[in-house]
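The next block holds one structure in the form of structure tokens; read it before the comments.
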Amino acid sequence: MGLKIVKNFDTSFTLNSESREILFSLLTNKAFTAQISQKLHETEIEFTDLLFQPVPYSQHTPKGMPSEFEKYHNSDEYIIINVPPNFMFQAKIFKPSRLCAIYRKVNY
């Protein structure tokens, strides 16, 4: 079985307002952000309201993300997390099946 090379991958998606509101409330929940901060040994983080769909690794997307988000990956000021599957389910988001969220370290 050979590898399938993906040359173009559509990263666009839209969330309806209800799903977006639920997801953003979960991602900004104090208990959740405190848990991430604790694991990263940071004092505090805040959600930037930026989400993206992970993409297949390729020459043009070596980080597995749309190129416009690579600046956050390369910065010590930001962290990128996978949105927990239970958050996606609670917000009734099934397409795309995976999302990543970008957080800024507050006391950087």
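Of Thr14, Thr33, Thr61, the residue with the greatest mean-square motion in the GNM of the chain, using alpha carbon springs below 10 Å, is Thr14. In this structure the amide hydrogen of Leu50, modeled in the peptide plane, comes within under 5 Å of the amide hydrogens of Ile102, none closer than 5 places in sequence on its chain. Taken over the chain, lysine pairs spaced eight or more positions apart, or on distinct chains, with alpha carbons under 30 Å apart number 27. Between the Cα long axis of helix 30-40 and the first principal axis of the chain there is an angle of about 70°, rounded to the nearest 10. Computed with a 1.4 Å probe over protein heavy atoms only, the accessible area of Glu18 comes to about 120 Å². Modelled this way, with points 7 Å down the Cα-to-C-beta line, the labels at Leu40 and Asn107 are 1.4 nm from one another. Solvent-accessible surface (1.4 Å probe) assigned to His73 amounts to roughly 90 Å². Nonpolar atom fraction for the chain, defined as the carbon and sulfur part of the 1.4 Å probe accessible area, stands at 50 percent. Calculated accessible area for the chain comes out at 71 Å² per residue, all protein chains present (probe 1.4 Å; ligands, DNA, RNA ignored). The H on the amide N of Ile45, modeled in the peptide plane, is under 5 Å from the matching H of Val106, each at least 5 residues off or on a different chain.
Taking all protein chains as shown and a probe of 1.4 angstrom, Leu50 keeps an accessible surface of around 50 Å².
Taking amide H as placed 1.01 Å from N in the peptide plane, the amide H of Tyr78 sits under 5 Å from that of Lys105, each at least 5 places away or on another chain. Antiparallel beta bridges, as assigned by DSSP with both residues in the chain, represent about 100 percent of the total such bridges.
Could you sort Lys63, Lys95, Lys71 by their accessible area in this structure, using a 1.4 Å probe and putting the largest first?
Values: Lys63 80, Lys95 175, Lys71 130 Å².
Descending accessible area places them as Lys95, Lys71, Lys63.
The values are calculated or read from the model by the stated rules, or taken from the named source; none is laboratory data. Given the structure is predicted, the values throughout are model-derived calculations rather than measurements. Cβ: placed from backbone, ideal geometry, glycine included. Neighbour counts: every protein chain shown. The protein model used for the area step is the full one, side chains on, heavy atoms only, and it has no ligands, DNA or RNA in it. Shrake-Rupley method; radii C 1.70, N 1.55, O 1.52, S 1.80 Å.
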